1. Considering only residues that are without any contact (Cβ under 8 Å) to a residue 40 or more places away in the chain and surrounded by 15 or more Cβ atoms within 10 Å (Cβ to Cβ), which ones fall in segment 109-129?
2. For residue 148, state whether it is touching a Leu at 6+ places or on another chain (Cβ under 8 Å), surrounded by 13 or more Cβ atoms within 10 Å (Cβ to Cβ) and at pLDDT 95 or above.
3. Can you say whether residue 72 is closer than 18 Å to residue 134 by Cα and touching a Pro at 6+ places or on another chain (Cβ under 9 Å), as far as the supplied structure shows?
4. Does segment 130-140 contain at least one residue that is loosely packed, with under 15 Cβ neighbours inside 10 Å, among the basic types (Lys, Arg) and in contact (Cβ under 8 Å) with a residue 40 or more places away in the chain?
5. I need every pair where a residue in segment 21-48 that is more than 12 Å from residue 149 (Cβ to Cβ) has its Cβ under 7 Å from the Cβ of a residue that is assigned to a strand (DSSP E or B) and at pLDDT below 85, sequence separation at least 6 or different chains.
6. May I ask you to verify whether residue 76 is under 15 Å from residue 108 (Cβ atoms), touching a strand residue (DSSP E or B) at 6+ places or on another chain (Cβ under 8 Å) and not small (Gly, Ala, Ser)?
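The values are calculated or read from the model by the stated rules, or taken from the named source; none is laboratory data. Remember, predicted model here, so these are calculated numbers, not experimental data. FYI the Cβ positions are ideal-geometry reconstructions off the backbone, even for glycines, and counts take in every protein chain you see.
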Amino acid sequence: MRGDTMQRLIVLLILLFTAVLPASAQERVEHGDWISQFLDGRGEASTHENGISMLGMMCGDGNCRYYFANGLDCEPSANYPLMLTSDVGALALDAVCEPMSTANGDVMLYWFTETPYLNEAFAKTPVIGIAFPLANGEFKTSKFSMNGFTEAIERMVNVMR
């Protein structure tokens, strides 16, 4: 998927959440480089890498999952490996490609399970790196600022309880 197509998908996802939220400033709150917001019984905390890639957590129905979007097509329900780097070390993750339905169609996201180790890694480092293997033996990399992560996650989880 080309970069401009990914940017449109990210903008679409952001617009989806902001367009249907009430105008109340308390629904969508910025926390440094992260935001927390709520829609249809779900909470979301997210950040982006210069409008190219997204990293976030979505909670609903009693569970939370992280997601990652990098503009690459994926096969629904297929598993994809990711390598996450942080100040506490590197971690190999398995992500599942699943669509997220929007008013303008499905956006494909890579979902991975929340774990205490992952939460700790995210909370203790200023920047998270994600390496995504490509078919040609290379990697596509993304870096995300974690400034505001803890506050965004805490607000989202506390409201969802």
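1. Matches in segment 109-129: 119, 121, 122, 125.
2. On the way: touching a Leu at 6+ places or on another chain (Cβ under 8 Å): no; surrounded by 13 or more Cβ atoms within 10 Å (Cβ to Cβ): yes; at pLDDT 95 or above: yes.
So residue 148 does not fit the description; no.
3. Details: closer than 18 Å to residue 134 by Cα: yes; touching a Pro at 6+ places or on another chain (Cβ under 9 Å): no.
The answer is no for residue 72.
4. Yes, segment 130-140 contains at least one residue that is loosely packed, with under 15 Cβ neighbours inside 10 Å, among the basic types (Lys, Arg) and in contact (Cβ under 8 Å) with a residue 40 or more places away in the chain.
5. 21/39
6. On the way: under 15 Å from residue 108 (Cβ atoms): yes; touching a strand residue (DSSP E or B) at 6+ places or on another chain (Cβ under 8 Å): yes; not small (Gly, Ala, Ser): yes.
Criteria met by residue 76.
Residues are listed down the side, and each one gets a yes or a no for (1) modelled with pLDDT of 95 or more; (2) closer than 24 Å to residue 27 by Cβ:
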{"site": "120", "(1), (2)": "no, no"}
{"site": "136", "(1), (2)": "no, no"}
{"site": "140", "(1), (2)": "no, no"}
{"site": "152", "(1), (2)": "yes, yes"}
{"site": "158", "(1), (2)": "no, yes"}
